[in-house]
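**Student:** Quick one: the structure is below, questions incoming.
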2 protein chains.
Amino acid sequence: MTKIKENSTRNENKQLTAGWCPVSYVMNKLGGYWKPIILFQLIEGPKRYSELRKAIPTITEKMLIQHLKQLQEDNLVLRTATAVVPPHVTYKLTQAGINLTPVMEAMANWAINNRENN
Amino acid sequence: MTKIKENSTRNENKQLTAGWCPVSYVMNKLGGYWKPIILFQLIEGPKRYSELRKAIPTITEKMLIQHLKQLQEDNLVLRTATAVVPPHVTYKLTQAGINLTPVMEAMANWAINNRENN
DNA sequence: CAGAATCCTATACGATACTG
DNA sequence: CAGTATCGTATAGGATTCTG
């Protein structure tokens with residue numbers, strides 16, 4: 001009750017590391033499992049929320065929304081909503097997000113080659 | 001007590017996704033926070049355990065060892081130990097690990113540019 | 001030197017149900 | 001259609017101590 005959060009060494013390592021390691025700077029924004037997968041789906045162009053769900057059928061709605069929000073906060077994804085009566089919301093990459101596509105493409109290439117080689 | 005693990009839908013999504021999404025195939029091996037950072041440190045060449053610790057001062061030993069083991073299991077890193085009396089252990093990238101370096105380099109490039117742009 | 005062991009907490013993730 | 005809300009579990013990650 002009275003303990004609010006006096007101590008949070010948790011995540012401090014990550015913040016610190018991000019200061020000097022460029023890769024960890026990226027991992028602070030792309031960490032976890034789903035974010036690169038979502039970004040990968042947006043490379044080809046803007047997608048509606050429902051399209052993203054169909055494109056990634058194994059993700060739960062909670063994860064999709066949650067990570068989309070974080071990606072917006074990190075300025076990697078832009079959300080555009082038009083207030084019509086079935087709501088219409090699209091997500092697309094920001095410039096920073098577009099600049100990140102080589103990362104996902106390098107991943108995809110590796111996956112294709114590595115799968116063959118095994 | 002009698003419940004052993006009858007149900008593990010957890011991770012099934014990830015396995016399934018890996019089947020059709022190349023990026024998620026990679027995330028199954030590189031998921032989490034530290035693995036890309038470790039691999040990044042090994043790009044320039046083999047390193048001893050203690051060198052890795054110094055190179056990534058914010059990681060705990062547990063995390064370092066644990067992820068090095070998983071990277072070995074995924075055949076991305078090779079461990080070489082010589083049984084001398086202070087033990088001498090080096091880690092280096094396998095060919096599959098080397099093939100992954102464009103991913104980390106793309107991350108590093110993005111980090112450098114994105115930091116400037118903000 | 002290179003780790004293993006133990007204990008603990010925070011967060012990521014998932015299932016399900018509900019809503020403007 | 002595009003979310004929210006709630007609840008539960010599994011895993012990631014960290015602190016500390018010990019060892020061949």
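The values are calculated or read from the model by the stated rules, or taken from the named source; none is laboratory data. As the structure is a prediction and not an experimental result, all values here were calculated from the model. Cβ: placed from backbone, ideal geometry, glycine included. Neighbour counts: every protein chain shown.
**Student:** So residue B:106 passes all but one of these: (1) within 11 Å of DNA strand D (Cβ to nearest atom); (2) within 27 Å of residue A:38 (Cα to Cα); (3) not acidic (Asp, Glu). Which condition number does it fail?
**Tutor:** (1)
**Student:** Now a separate question. If residue B:39 meets every condition in (1) hydrophobic (A, V, I, L, M, F, W, C); (2) more than 14 Å from chain A (Cβ to nearest Cβ); (3) touching a residue at least 40 places away in the same chain (Cβ under 8 Å); (4) more than 13 Å from DNA strand D (Cβ to nearest atom) apart from one, which number is that one?
**Tutor:** So residue B:39 meets the others, but not (2).
**Student:** Which of the residues spanning the range B:42-64 are of a type in the set (A, V, I, L, M, F, W, C), near DNA strand D (Cβ under 10 Å from one of its atoms) and outside any loop (DSSP other than H, G, I, E, B)?
**Tutor:** Matches in the range B:42-64: B:63, B:64.
**Student:** Can you tell me which residues in the range B:71-87 are part of a helix (DSSP H, G or I) and crowded, with 16+ Cβ neighbours inside 10 Å?
**Tutor:** B:71 - this is the single residue of the range B:71-87 that is part of a helix (DSSP H, G or I) and crowded, with 16+ Cβ neighbours inside 10 Å.
**Student:** All but one of (1) within 10 Å of DNA strand C (Cβ to nearest atom); (2) part of a helix (DSSP H, G or I); (3) buried (at least 16 other Cβ atoms within 10 Å of the Cβ) hold for residue A:39; state the number of the condition that does not hold.
**Tutor:** Here residue A:39 clears every test but (1).
**Student:** Could you check how many residues of the range A:42-57 are under 22 Å from residue A:103 (Cα atoms) and either at the interface with chain B (Cβ under 8 Å from one of its Cβ atoms) or surrounded by fewer than 14 Cβ atoms within 10 Å (Cβ to Cβ) (or both)?
**Tutor:** The number of residues fulfilling the criteria is 4.
**Student:** Report, by residue number, each residue of the range A:58-87 that is within 14 Å of chain B (Cβ to nearest Cβ) and either of a type in the set (Ser, Thr, Tyr) or without any contact (Cβ under 8 Å) to a residue 24 or more places away in the chain (or both).
**Tutor:** Answer for the range A:58-87, where residues must be within 14 Å of chain B (Cβ to nearest Cβ) and either of a type in the set (Ser, Thr, Tyr) or without any contact (Cβ under 8 Å) to a residue 24 or more places away in the chain (or both): A:58, A:60, A:61, A:62, A:73, A:75.
**Student:** Further, regarding this structure: Among the listed residues A:17, A:90, A:94, which satisfies the condition of being within 27 Å of residue B:17 (Cβ to Cβ), within 14 Å of chain B (Cβ to nearest Cβ) and out of contact with any Asp or Glu (no Cβ under 6 Å at 6 or more places or on another chain)?
**Tutor:** So the residue among A:17, A:90, A:94 that is within 27 Å of residue B:17 (Cβ to Cβ), within 14 Å of chain B (Cβ to nearest Cβ) and out of contact with any Asp or Glu (no Cβ under 6 Å at 6 or more places or on another chain) is A:94.
**Student:** If you go through the range B:92-118, how many residues are crowded, with 17+ Cβ neighbours inside 10 Å and under 10 Å from residue B:76 (Cβ atoms)?
**Tutor:** Within the range B:92-118, residues that are crowded, with 17+ Cβ neighbours inside 10 Å and under 10 Å from residue B:76 (Cβ atoms) number 5.
**Student:** Since residue B:19 meets every condition but one in (1) outside any loop (DSSP other than H, G, I, E, B); (2) away from DNA strand C (no atom under 12 Å from the Cβ); (3) modelled with pLDDT under 95; (4) surrounded by 18 or more Cβ atoms within 10 Å (Cβ to Cβ), which condition does it not meet?
**Tutor:** (4)
**Student:** Which number in (1) within 8 Å of DNA strand C (Cβ to nearest atom); (2) at pLDDT below 95 marks the one condition that residue B:69 misses?
**Tutor:** (2)
**Student:** Also, quick follow-up: So which residues in the range A:88-118 are part of a loop (DSSP other than H, G, I, E, B) and modelled with pLDDT of 95 or more?
**Tutor:** A:94, A:100
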